[in-house]
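Undergrad: Got a structure for you, questions after.
The values are calculated or read from the model by the stated rules, or taken from the named source; none is laboratory data. Remember, it's a predicted structure, so these values are computed and weren't measured experimentally. Note: ideal-geometry Cβ built from the backbone for every residue, glycine included; neighbour counts use all protein chains shown.
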Amino acid sequence: MATEQIFVNACVVTMNDALPSAQAFAVRGDRFAAVGSNQELQGWADRESRVVDLGGRTVVPGFIESHSHPSLYALTLLQADCRTPPCRTVVEVKERVKAMAGTLGVGRWVRGWGYDDTLIAERRHLNRADLDDAAPANPVLVSHVSGHLAYANSLALAIAGIGSGTPQPAGGEIQRDERGVPTGLLKEHAAQELVLEHIPPYSTPELKGVLGRTMSVYHQAGITSSHDAAVGYFREGRQVFQAYGELEEEGRLELRIYLNVVEELYRDLQDRGTDTRFGSGRLRLGCVKLFQDGSIQALTAALEEPYQNAPGRRGDLVHPQDALDELVERYHSRGIQVAIHANGDRAIESTLQALERAQRLHPRDDARHLIIHCQLASRDQIRRMKRLGVIPSFFVNHVYYWGDRHVALFLGPERAARIDPLGAAVQEELIFTLHSDLPVTPVDPLFSMHCAVNRRTRGGMVLGPEERISPVEALRAYTVHGAYCSFEENAKGSIEVGKAADFVVVSENPLRVPPERIREIRVLRTVLGGRTVYEACHED
């Protein structure tokens, strides 16, 4: 049988401990068929083979984004961009909302995303009056950059029936002024849901169109696999399932997707007989997604000690301990993987208690439950994760994007220095992954690896130097460990015979360049299942 493609003259970082480096490899169909030296691969070539000379460039396995939101990011492409930048002031945010309202027409729901109260010039949250002024004839909902807050105008609040007498939802908060009138700020999903349930979902054709654009963004970053990490969070879960399914049937799903589904939707799927870990090599149903706190920068993460800039606040747990215990036991006892969002140390403690209880009641050898973000994990908590086989997925981009504000505003120097304790995780030999949390921060594995290795904030401070890790550990988190956390370590994650031929050609070797230059490495080519899905205009 002819080998379809042979790649030679490369610096291949295989991430396979049995053969860490190579010069050449062969791809037959969508699998690696051989890996070795140029000389060893000469025997594979015949007149039907396509030989690709990579000219000494570096090849690494396709990057696996273990926690991002491709479908949520796709939805943002249909919404007003309220980030800073491009918006510098509240007035500029209002202009974007107004423009979107004008495009949609009177009465249509206006959605916006990415507002950051700590970067905008006024350093404050939006309120209903801001959004009333921008779009008085449209209901409006703008999401905070964290996803844990949202802002509604008067018309949106009226449609949702939210007023002075509305009870506070469990696990969320409707902010009210001194007169008891809702300000428009909705904290956490439980409060946002009161408005979201009234917004018509986007159509499947709309989603398919923007998912196509989203996959291109991932390809340019060298990503061949991603968890879609909160399907159903904004109530478009069924449309997302349908859009992915149709793209797969049409042969246009050019990203391997591992669906993490919010608990309410997952429960419905399970009650109708759908099980976990099913599907194809491109689309699989994975974890049930739970939340146990919010975001540090939204002051909703659950901390053991109060926030530095809000001495009376420690954030809240989404679920009382007995309720979380019950949820985790329900899924753990049925053999289902659980991914729990926990940023603060108090939320991580609550999560570990629930996981330890479930394992004690229903022992499982290889559950691979995930703790998402895991910002303020202590050394003791890391040791307990190791004993349990729990995998933390660290949001290391926090160091760059929020590190300075964690020091000055939210946490203070001591706690800020220990966010994303990767060094401790390596010392305890704990398997972990790294992620971007797109659309919260841009999806860019090389940048995330740079953050993990250097831990330098936007302002230039090295934050917690003892928690820096080596480039190979960072690359492992985005390849073999990414595959492990979805039970796919035998199918992908390394350049190895029999595995999926997912790989990336990059401009320099991330294991050899000076650590401070990792972020400068460029993706030149992304290959998914043996087929090039992205190629830079100039491979120099």
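Undergrad: Does region 101-150 hold any residues that are within 29 Å of Ala301 (Cα to Cα) and among the small types (Gly, Ala, Ser), and which are they?
TA: Across region 101-150, the qualifying residues are Gly112, Gly114, Ala121, Ala129, Ser143, Ser146, Gly147, Ala150.
Undergrad: Go through Arg124, Arg128, Arg108 for me and flag whichever is charged (D, E, K, R), touching a strand residue (DSSP E or B) at 6+ places or on another chain (Cβ under 6 Å), assigned by TED's automatic domain parsing to the domain that holds Val181 and at pLDDT 95 or above.
TA: Of the residues listed, the single one that is charged (D, E, K, R), touching a strand residue (DSSP E or B) at 6+ places or on another chain (Cβ under 6 Å), assigned by TED's automatic domain parsing to the domain that holds Val181 and at pLDDT 95 or above is Arg128.
Undergrad: Does region 291-334 hold any residues that are small (Gly, Ala, Ser), touching a His at 6+ places or on another chain (Cβ under 9 Å) and more than 27 Å from Gly114 (Cβ to Cβ), and which are they?
TA: Of everything in region 291-334, just one residue is small (Gly, Ala, Ser), touching a His at 6+ places or on another chain (Cβ under 9 Å) and more than 27 Å from Gly114 (Cβ to Cβ), namely Ser333.
Undergrad: Residue check: is Arg519 within 20 Å of Asp437 (Cβ to Cβ), basic (Lys, Arg), touching a Lys or Arg at 6+ places or on another chain (Cβ under 8 Å) and touching a residue at least 12 places away in the same chain (Cβ under 8 Å)?
TA: For Arg519, the condition - within 20 Å of Asp437 (Cβ to Cβ), basic (Lys, Arg), touching a Lys or Arg at 6+ places or on another chain (Cβ under 8 Å) and touching a residue at least 12 places away in the same chain (Cβ under 8 Å) - is not met.
Undergrad: Report yes if some residue within region 80-90 is charged (D, E, K, R), farther than 21 Å from Thr103 by Cα and in contact (Cβ under 8 Å) with a residue 60 or more places away in the chain; otherwise report no.
TA: no
Undergrad: While we're on this one: Collect the residues in region 282-323 that are out of contact with any strand residue (DSSP E or B) (no Cβ under 8 Å at 6 or more places or on another chain), hydrophobic (A, V, I, L, M, F, W, C), over 15 Å from Gly171 (Cα atoms) and without any contact (Cβ under 8 Å) to a residue 40 or more places away in the chain, keeping them in residue-number order.
TA: Answer for region 282-323, where residues must be out of contact with any strand residue (DSSP E or B) (no Cβ under 8 Å at 6 or more places or on another chain), hydrophobic (A, V, I, L, M, F, W, C), over 15 Å from Gly171 (Cα atoms) and without any contact (Cβ under 8 Å) to a residue 40 or more places away in the chain: just Ala310.
Every residue, every condition in (1) farther than 16 Å from Ser146 by Cβ; (2) assigned to a loop (DSSP other than H, G, I, E, B); (3) at pLDDT 95 or above; (4) in contact with a Gly (Cβ under 6 Å, 6 or more places away or on another chain), yes or no:
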residue	(1), (2), (3), (4)
Arg368	yes, yes, yes, no
Asp380	yes, no, yes, no
Met385	yes, no, yes, no
Tyr400	no, no, yes, no
Arg415	yes, no, yes, no
Arg418	yes, yes, yes, yes
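Undergrad: Kindly indicate the residue of region 198-220 that is out of contact with any Leu (no Cβ under 8 Å at 6 or more places or on another chain) and outside any helix (DSSP H, G or I) and also nearest to Val533 (Cα to Cα) among those meeting that condition.
TA: Here the residue is Ser203.
Undergrad: Given (1) at pLDDT below 95; (2) surrounded by fewer than 19 Cβ atoms within 10 Å (Cβ to Cβ), where does Gln321 come up short, assuming only one miss?
TA: Checking Gln321 against (1) at pLDDT below 95; (2) surrounded by fewer than 19 Cβ atoms within 10 Å (Cβ to Cβ), the one that fails is (1).
Undergrad: Out of region 489-523, which residues are part of a strand (DSSP E or B) and more than 18 Å from Gln5 (Cα to Cα)? Even if it seems obvious, please write down each step before you answer.
TA: Step one: list which residues in region 489-523 are part of a strand (DSSP E or B), which gives 500, 503-506, 523.
Scanning region 489-523 gives Val506, Val523.
Undergrad: Next question, about the same structure. If only one of Pro70, Pro85 is surrounded by 19 or more Cβ atoms within 10 Å (Cβ to Cβ) and not hydroxyl-bearing (Ser, Thr, Tyr), which one is it? Can you show your working first?
TA: Working: Pro85 fails: surrounded by 19 or more Cβ atoms within 10 Å (Cβ to Cβ).
Just one listed residue meets the conditions, Pro70.
Here's the yes/no breakdown for (1) buried (at least 21 other Cβ atoms within 10 Å of the Cβ); (2) of a type outside the set (A, V, I, L, M); (3) within 22 Å of the chain's Cα centre (by Cα):
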site: Gly493; (1), (2), (3): yes, yes, yes
site: Gly498; (1), (2), (3): no, yes, no
site: Phe503; (1), (2), (3): yes, yes, yes
site: Asn509; (1), (2), (3): no, yes, no
site: Val527; (1), (2), (3): yes, no, yes
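Undergrad: Next question, about the same structure. Working only within region 236-253, note down all residues that are more than 12 Å from Leu207 (Cβ to Cβ), touching a residue at least 24 places away in the same chain (Cβ under 8 Å) and surrounded by fewer than 20 Cβ atoms within 10 Å (Cβ to Cβ). Talk me through it step by step, then tell me what you get.
TA: Of the residues in region 236-253, the ones more than 12 Å from Leu207 (Cβ to Cβ) are 248-253.
Narrowing further to those that are touching a residue at least 24 places away in the same chain (Cβ under 8 Å): 248, 252-253.
Those that are more than 12 Å from Leu207 (Cβ to Cβ), touching a residue at least 24 places away in the same chain (Cβ under 8 Å) and surrounded by fewer than 20 Cβ atoms within 10 Å (Cβ to Cβ): Glu248, Arg252.
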